[in-house]
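The values are calculated or read from the model by the stated rules, or taken from the named source; none is laboratory data. As the structure is a prediction and not an experimental result, all values here were calculated from the model. Here Cβ is always computed from backbone atoms with ideal geometry, including for glycine, and neighbour counts include all displayed protein chains.
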Amino acid sequence: MELIIKEYRGDIPDLNHYGHIAIAGADGKILYECGDPEHITYSRSAAKPIQAIPVIESGAIDKYGITEKELAVMCSSHQGENFHTEAVLSILEKAGLNEQYLLCGTHEPKTDYMIKKFREEGITPTEAHNNCSGKHAGMLITAKMLGKSLNNYYNHTHPIQNKITQTIAEICDYDVNTIAIGIDGCGVPVHAMPLYKFAQGYARMSSPELLAPYRADSVNLVTKAMRGHPEMVGGTNDFTSELMHVFGDRLFCKLGVNGFLAIGLAGKGIGIAIKMEDGQPATLPIAVVKTLMEIKVISEEEATGLKHYESAKVIKNCRGEAVGTRQAVFKLKESGRI
């Protein structure tokens, strides 16, 4: 574990944020590191782009006429905005299903204007507003396509979840029997392995020509959908959506809750995985942008145009007054590990 971000209140250091960064090639070689690249952690929702691959390979995308936007929302941790929920409901309707089949639980939308609308109008959120509803819709149509049970599709013993775990193992080049399984916030399995293995998985997805042809086609569809429709992957005021909107020609990325984020550098065969140990999402834009600048994916001038990066560096009080700063203090080092 290494100090990644230092937080100042005035001129005095106030908080330290520790974490790990791993940058790996498609062959699994660790190229750069900070902290422990072999740290075992859950990817959480950063696994969603990989979890969408079995939907395509089942034939459900073609059979049910799923659009690129709808595929993108299957990879999302969306904000519960209308265009997100409409896409989720459309996926289900095309497969002859409805919202009652979703078993992801409920919570309020994740963006301010929607929260305000729900509270002012007394709207009760439904499963479609859950940030994981797109992923669950993908699991449901896959289960229907393959003739599997729809009422326990989220269970870790369900054939769909077994297929997803196997796909994660294949994409990340990791023994499926060694993956640690927990339960995510939406009820489905969540997967833990060394940080650099998640980076390798994103590296392999960034150069799908290295994969078998059928798998390369699936990965291409997923990353093309994410990069083409970044608003579906996050939403309004989402850092990863902004990053892909501005740099979608260079990368695709996905956030995982509790301080995890993974990036694939398009066509480079390089993946990045970052884990902030305190799980605070406010520090991730700083760590991500500093990482991308250090390995020369983006310039310092380009970074200054990123809204989330600039706002993350400034700490404000409840009056909106600037009272402190956050600064990246880490430096990546080249790794000799394989």
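Of the conditions (1) part of a helix (DSSP H, G or I); (2) crowded, with 22+ Cβ neighbours inside 10 Å, residue 274 clears all except one; give me its number.
(1)
When you go through 64, 32, 8, 42 one by one, which is the residue that is touching a Leu at 6+ places or on another chain (Cβ under 7 Å), among the hydroxyl-bearing types (Ser, Thr, Tyr) and on the phi < 0 side of the Ramachandran plot?
Numbers: 64 fails: touching a Leu at 6+ places or on another chain (Cβ under 7 Å); 8 fails: touching a Leu at 6+ places or on another chain (Cβ under 7 Å); 42 fails: touching a Leu at 6+ places or on another chain (Cβ under 7 Å).
It is 32.
Please count how many residues of the stretch 100-146 are within 20 Å of the chain's Cα centre (by Cα) and in a loop (DSSP other than H, G, I, E, B).
11
I need a count of the residues in the stretch 124-137 that are surrounded by fewer than 22 Cβ atoms within 10 Å (Cβ to Cβ) and of a type in the set (S, T, N, Q). Before the answer, list the steps.
Applying the first criterion (surrounded by fewer than 22 Cβ atoms within 10 Å (Cβ to Cβ)) to the stretch 124-137 yields 124-127.
Still in the running and of a type in the set (S, T, N, Q): 124, 126.
Going through the stretch 124-137 one residue at a time, the tally reaches 2.
Quick one: which residue in 257, 297, 288, 233 is under 16 Å from residue 198 (Cβ atoms) and modelled with pLDDT of 95 or more? Write out each step before concluding.
Details: 257 fails: modelled with pLDDT of 95 or more; 297 fails: under 16 Å from residue 198 (Cβ atoms); 233 fails: under 16 Å from residue 198 (Cβ atoms).
Exactly one residue qualifies, and that residue is 288.
Of the numbered conditions (1) outside any helix (DSSP H, G or I); (2) among the polar types (S, T, N, Q); (3) under 30 Å from residue 209 (Cα atoms), residue 325 satisfies every one except a single condition; which is it?
Just one mismatch for residue 325, condition (3).
Please go through (1) more than 30 Å from residue 83 (Cβ to Cβ); (2) more than 14 Å from the chain's Cα centre (by Cα); (3) in contact (Cβ under 8 Å) with a residue 12 or more places away in the chain for residue 208 and return the number of the only condition it doesn't satisfy.
If we test residue 208 against (1) more than 30 Å from residue 83 (Cβ to Cβ); (2) more than 14 Å from the chain's Cα centre (by Cα); (3) in contact (Cβ under 8 Å) with a residue 12 or more places away in the chain, just (1) comes out false.
Being free of Cβ contacts under 8 Å to residues at least 24 places away in the same chain, in contact with a strand residue (DSSP E or B) (Cβ under 6 Å, 6 or more places away or on another chain), more than 30 Å from residue 129 (Cα to Cα) and not acidic (Asp, Glu) is true for just one of 322, 303. Which residue is that?
322
Restricting the search to the stretch 165-205, which residues are more than 24 Å from residue 136 (Cβ to Cβ) and either outside any helix (DSSP H, G or I) or in contact (Cβ under 8 Å) with a residue 40 or more places away in the chain (or both)? Reasoning before the result, please.
Of all residues in the stretch 165-205, those more than 24 Å from residue 136 (Cβ to Cβ) come to 173-175, 177-178, 194-197, 199-200, 203-204.
Across the stretch 165-205, the qualifying residues are 173, 174, 175, 194, 195, 196, 197, 199, 200, 203, 204.
Within the stretch 138-161, can one find any residue that is crowded, with 21+ Cβ neighbours inside 10 Å, under 22 Å from residue 94 (Cβ atoms), in contact (Cβ under 8 Å) with a residue 24 or more places away in the chain and of a type in the set (Gly, Ala, Ser)?
Scanning the stretch 138-161, I find at least one residue that is crowded, with 21+ Cβ neighbours inside 10 Å, under 22 Å from residue 94 (Cβ atoms), in contact (Cβ under 8 Å) with a residue 24 or more places away in the chain and of a type in the set (Gly, Ala, Ser), so the answer is yes.
Tell me, which residue of the stretch 236-249 that is surrounded by fewer than 18 Cβ atoms within 10 Å (Cβ to Cβ) and more than 22 Å from residue 67 (Cα to Cα) is modelled with the lowest pLDDT?
237
Sort through 155, 151 and tell me the only one that's touching a Gly at 6+ places or on another chain (Cβ under 9 Å), in a loop (DSSP other than H, G, I, E, B) and either more than 25 Å from residue 242 (Cβ to Cβ) or modelled with pLDDT of 95 or more (or both). Even if it seems obvious, please write down each step before you answer.
On the way: 151 fails: touching a Gly at 6+ places or on another chain (Cβ under 9 Å).
Going through 155, 151 in turn, the sole match is 155.
Among the helices (runs of 4 or more DSSP H) lying completely within the stretch 1-69, list those that include at least 2 residues that are buried (at least 23 other Cβ atoms within 10 Å of the Cβ) and without any contact (Cβ under 8 Å) to a residue 12 or more places away in the chain.
The helices (runs of 4 or more DSSP H) meeting that bar number zero.
Looking at this structure, is residue 145 farther than 21 Å from residue 76 by Cα and in contact with a Ser or Thr (Cβ under 8 Å, 6 or more places away or on another chain)? Don't jump to the end; show me each part of the working.
Values: farther than 21 Å from residue 76 by Cα: yes; in contact with a Ser or Thr (Cβ under 8 Å, 6 or more places away or on another chain): yes.
Yes; evaluated as a whole, the condition is true for this residue.
Anything in the stretch 278-317 that is assigned to a loop (DSSP other than H, G, I, E, B), within 14 Å of residue 7 (Cβ to Cβ) and charged (D, E, K, R)? List them, or say none.
Scanning the stretch 278-317 gives 278, 313.
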